[in-house]
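Input: a single structure, listed below in structure tokens.
Here, each number is a calculation from the coordinates, and none is a lab measurement. Here the structure is a predicted model, which means the values were calculated and not measured. Cβ placement follows ideal geometry from the backbone for every residue including glycine, while neighbour counts extend to all protein chains displayed.
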Amino acid sequence: MPFPQKAFRSVVQAAKAWLRPEQILVSTTKGIEQEGFLLMSQVLEQETGFSHIGVIAGPNLASEIADKQLTATVIASADSLTRTRVQQVLGCRYFRVYASDDRHGVELGGALKNIYAIAAGMAAALGMGENTRSMLMTRALAEMSRFAVAQGLTR
Ligand SMILES: NC(=O)C1=CN([C@@H]2O[C@H](COP(=O)(O)OP(=O)(O)OC[C@H]3O[C@@H](n4cnc5c(N)ncnc54)[C@H](OP(=O)(O)O)[C@@H]3O)[C@@H](O)[C@H]2O)C=CC1
Ligand SMILES: O=C(CO)COP(=O)(O)O
């Protein structure tokens, strides 16, 4: 399910009639729903009630994967069938798929890091140097950790 966050729920609602509970639903979408502060896998759960739900997060830029550049990703799900099937189906010589059971942590990290990615882009455009970029990344990691703890995550 790779849609911009704002369209995510409406696309799932529109697709619902064609989905079956035995199917595996995986979100690649980064973002947090404004109303209710839900992550996209939680929207999938809420809308479908299915049990095979996971998220994929990179560093994964689609164009580089299409160029077959060496890339690693993670499939995160509490459901072992989802983890194993996605590893089998997507893994190949240039695309290594790691598995994690920490769906919430992986998804929250994926959503939050794009905020700092925008800040890093702005810093580069303003001609700021490596010190600034390193400071941004270091402080981003600290802030994301504090945010995750405040959300009740422990690792
Ligand atoms: N691009 C990348 O490399 C990666 C992106 N992501 C994440 O995936 C998500 C989507 O990104 P990306 O694929 O680049 O985004 P795009 O803007 O390319 O959107 C993907 C597709 O979503 C459909 N879409 C867009 N708006 C709507 C809408 N309002 N209603 C229904 N369908 C819509 C479009 O279909 P149509 O063309 O038919 O309009 C489009 O092809 C983001 O959260 C991003 O962070 C994650 C990993 C990598
Ligand atoms: O959000 C992204 C590009 O829009 C890429 O996200 P990941 O690299 O975490 O998959």
Handout entry: Pairwise label distance in nanometres, residue 145 with residue 7, each label 7 Å out on the Cα-Cβ vector
Key = 3.8
Handout entry: Cα-projected label distance for residue 92 with residue 122, points at 7 Å along beta-carbon direction, nm
Key = 3.8
Completion exercise
Counting only residues 5 or more apart in sequence or on a different chain, those whose built amide H sits under 5 Å from that of residue 26 are 54
Exercise for the section: Quickly estimate the mean residue ellipticity at 222 nm for the chain, helices only: each DSSP H run with n ≥ 4 gives -39500 (n - 2.57), and the total goes over all residues, rounded to 500. Expected result: -16500 deg cm²/dmol
Exercise for the section: Could you sort 80-90, 47-57, 10-20 so that the peptide with the highest average Cβ count within 10 Å comes first and the rest follow in order? Expected result: 47-57, 80-90, 10-20
Handout entry: residue 79 paired with residue 133, simple spin-label distance in nm, labels 7 Å along Cα-to-beta-carbon
Key = 4.0
Completion exercise
Within the chain, pairs of Lys residues whose Cα atoms are less than 21 angstrom apart, provided they are eight or more positions apart or on distinct chains, add up to 5
Exercise for the section: Hydropathy first: keep DSSP H helices in the chain averaging at least -0.5 on Kyte-Doolittle, then drop any whose Cα extent along the axis falls short of 24 Å, and list what survives. Expected result: 103-125, 130-150
